[in-house]
Amino acid sequence: MAPLYKQAGLYIHIPFCQKKCNYCNFYSVTVGNRIPEFLAAVKREMDYYRNFWPEYDTLYLGGGTPSLLTGDQLADLLKKIRQTFSFTPGAEWTIELNPDDVTLSFLQDLRSLGFNRLSLGVQSIQDRSLKWLGRRHNTAQSLQAIEWTRQAGFGNLGVDLIYGLPEKSISGSLNLWLKELNHILQYTPEHISCYQLSFEPHTPLALWRRKKLVKPLEERKESQYFLDTAQQLESAGYLHYEVSNFSRGEKYTSRHNQKYWRHLPYLGLGPSAHSFRQNQRQWNQKTLSLYLGDIQKGIIPIAGKENLGLEELRMETLYFGFRTRRGLDLKNFQQQFGQDILNNPPDPAYRLIQENKLTLNGKRLCPTSRGLALADSLALLW
Ligand code: SF4
């Protein structure tokens, strides 16, 4: 396999959903009749980036809901992608799917189009929870979709789940969640993402919280959910390689997401998508209207850019490093930022190692499961 750093990742944001889920603040609109207009625009956007990076080893169609596109629309989009960008042999091609969009023939189409990895938004296998989350599918549809992915020949399936729903609102419990997880494990997905429910601004959930209609789990309980989830998946043989991500070994970690966590180059197309190259980050117009407006005027639809200075890079390297099991390369960190993490200042590292939150693994300082539970606050200690 070619080294990771030589290739970029390509992300395309498909900004359409049939309906908005109660917890989600990703950008999307529910007016599907603009899909053809959007597809024409994103193909034009590709032309601006022919020379962004010589070669790509990942493609990720996310959203929004890419599975709202028909097989023909996807075929047309991929034709343009192939004409515009060059991919390494065996590149990872992922598409996000909603279970109720999935049919066996759609999955067969995806296989023949070149996708080799699926990310299925199962979220829960309790109908009551799905309803509370505002999902449009039910449990039976998810389990059927999982079976069809195997029949269609996909050997790299990722399942997304949400846990930690407020227990009083939907009579959930840690035991029930672990049972759900156990049920999913019977299907042996290669990758499982377990996201702790968060109350994102501008979502119905945040409003319910403000009106005191729901109460999030206490911090102590959240941490119990996190640790028990990690333990259950690790005992089933999964590698806990990032705060919310588990895979059946190194082979099935998400190659694309590592671009984000390791300051590797990626190009993002579509409304609200971000790109990164040589310490420069840029982001596109956030809304579909602004994005389409710019493309129609022949303008590259960029809303903003920033150059990361040394201190910003240092903070992000710490932040991303402590969110992933591979942790920080101490020698590289010292060379790049002139800071000896173990000894400058000395207290946090040795104290956290003693508390079993960090561990020294050769020349790397890595978070343990307990450390991953606090990942975002660890970076602030240096
Ligand atoms: S969770 Fe997915 S399907 Fe639901 S609103 Fe967000 S992007 Fe759309």
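The values are calculated or read from the model by the stated rules, or taken from the named source; none is laboratory data. Bear in mind the structure is a predicted one, so any value in this text is a computation, not a measurement. A quick note on method: Cβ atoms are made from the backbone with ideal geometry, for glycine too, and the neighbour counts reach across all protein chains shown. In case anyone asks, the SASA skips ligands and DNA or RNA and just uses the protein heavy atoms, side chains included. Shrake-Rupley method; radii C 1.70, N 1.55, O 1.52, S 1.80 Å.
Highest mobility in the GNM of the chain, judged by mean-square fluctuation with C-alpha springs under 10 Å and restricted to ALA303, ALA230, ALA273, is found for ALA303.
Top mean-square fluctuation among TRP177, TRP93, TRP132, Gaussian network model of the chain, C-alpha springs under 10 Å? Greatest mean-square fluctuation among the candidates belongs to TRP132.
Whole-Hz Karplus ³J(HN,Hα) for the range 253-268, in order, using 6.51 cos²θ - 1.76 cosθ + 1.60 and θ = phi - 60°, x for Gly and Pro? Whole-Hz 3J(HN,Hα) from phi for the range 253-268: 5, 6, 5, 5, 5, 5, 4, 5, 7, 10, 6, 8, x, 8, 10, x.
Comparing TRP208, LEU197, HIS137 along the charge dipole axis of the range 108-251, the residue lying farthest to the positive side is TRP208, per the Cβ-charge model.
Using only the Cα atoms of the range 316-356, build the gyration tensor, take square roots of its eigenvalues as a ≥ b ≥ c, and label the shape rounded, prolate or oblate: rounded if a/c is under 1.5, else prolate if a/b is larger than b/c, else oblate. Taking the square roots of the gyration eigenvalues as a ≥ b ≥ c, the range 316-356 is oblate. Per residue, the accessible area of the chain comes to 46 Å² when a 1.4 Å probe rolls over the protein heavy atoms. Comparing GLY71, GLY237, GLY338 in a Gaussian network model of the chain, where Cα atoms under 10 Å apart are tied by springs, the biggest mean-square fluctuation is seen for GLY338. Computed about its Cα centre, the charge dipole of the range 4-260 is approximately 640 debye, with only Lys, Arg, Asp and Glu carrying charge at their Cβ.
Per the 1.4 Å probe, what fraction of the accessible area of the chain, in percent, lies on carbon and sulfur atoms?
Exposed carbon and sulfur together represent 50 percent of the surface.
The separation of the range 266-283 from the range 1-67, counted between C-alpha centres, amounts to 11 Å.
Which semi-axis lengths, in whole Å and largest first, follow from the square roots of five times the eigenvalues of the Cα gyration tensor of the range 322-381? Walk me through the numbers on the way to the answer.
Working: eigenvalues 58, 30, 23 Å².
Ellipsoid semi-axes (Å, largest first): 17, 12, 11.
In angstrom, the C-alpha Rg and Dmax of the range 4-260 are 18.6, 53. Taking square-rooted eigenvalues a ≥ b ≥ c of the alpha carbon gyration tensor, is the range 78-217 rounded, prolate or oblate, where a/c under 1.5 means rounded and, failing that, a/b exceeding b/c means prolate? Prolate, because a/c is 1.5 or more and a/b exceeds b/c. Amide H contacts for ILE125 (H built 1.01 Å from N in the peptide plane; partners 5 or more residues away or on another chain; cut-off under 5 Å): none found.
Under the classification rounded if a/c is under 1.5, otherwise prolate if a/b is larger than b/c and oblate if not, where does the range 163-285 fall, given a ≥ b ≥ c as square roots of the Cα gyration tensor eigenvalues? It comes out oblate by the Cα gyration axes.
As an equivalent ellipsoid, the range 29-104 spans semi-axes of 23, 16, 10 angstrom, where each value is the square root of five times an eigenvalue of the C-alpha gyration tensor, largest first. Stretched out straight at 0.36 nm per residue, the stretch from LYS363 to LYS251 would grow longer than its current Cα-Cα span by 38.1 nm. When the helices of the chain are scored as -39500 (n - 2.57) per DSSP H run of n ≥ 4 and the total is divided over every residue, the value at 222 nm lands at -11500 deg cm²/dmol.
May I ask which of LYS211/LYS259; LYS80/LYS259; LYS19/LYS212; LYS20/LYS357 have a Cα-Cα span longer than 28 Å here? Distance filter (> 28 Å) returns LYS211/LYS259; LYS20/LYS357. Charged side chains reduced to their Cβ positions (Lys and Arg at +1, Asp and Glu at -1) give the range 222-367 a dipole of some 540 debye around its Cα centre. Given the options SER124, ALA273, GLN108, identify the residue whose Cα lies farthest towards the positive end of the charge dipole of the chain (+1 on Cβ of Lys, Arg; -1 on Cβ of Asp, Glu). Final value for the positive-end residue is ALA273.
Work from the charge dipole of the chain (Cβ charges, +1 for Lys and Arg, -1 for Asp and Glu, about the Cα centre) and give the residue of LEU157, TRP261, THR359 farthest towards its positive end. Of the options given, the answer is TRP261.
The distance linking the range 287-330 with the range 124-143 is 33 Å (Cα centroid to Cα centroid, whole angstrom). Computed across the range 223-355, the Kirkwood hydrodynamic radius from all distinct Cα-Cα pairs reaches 17.7 Å.
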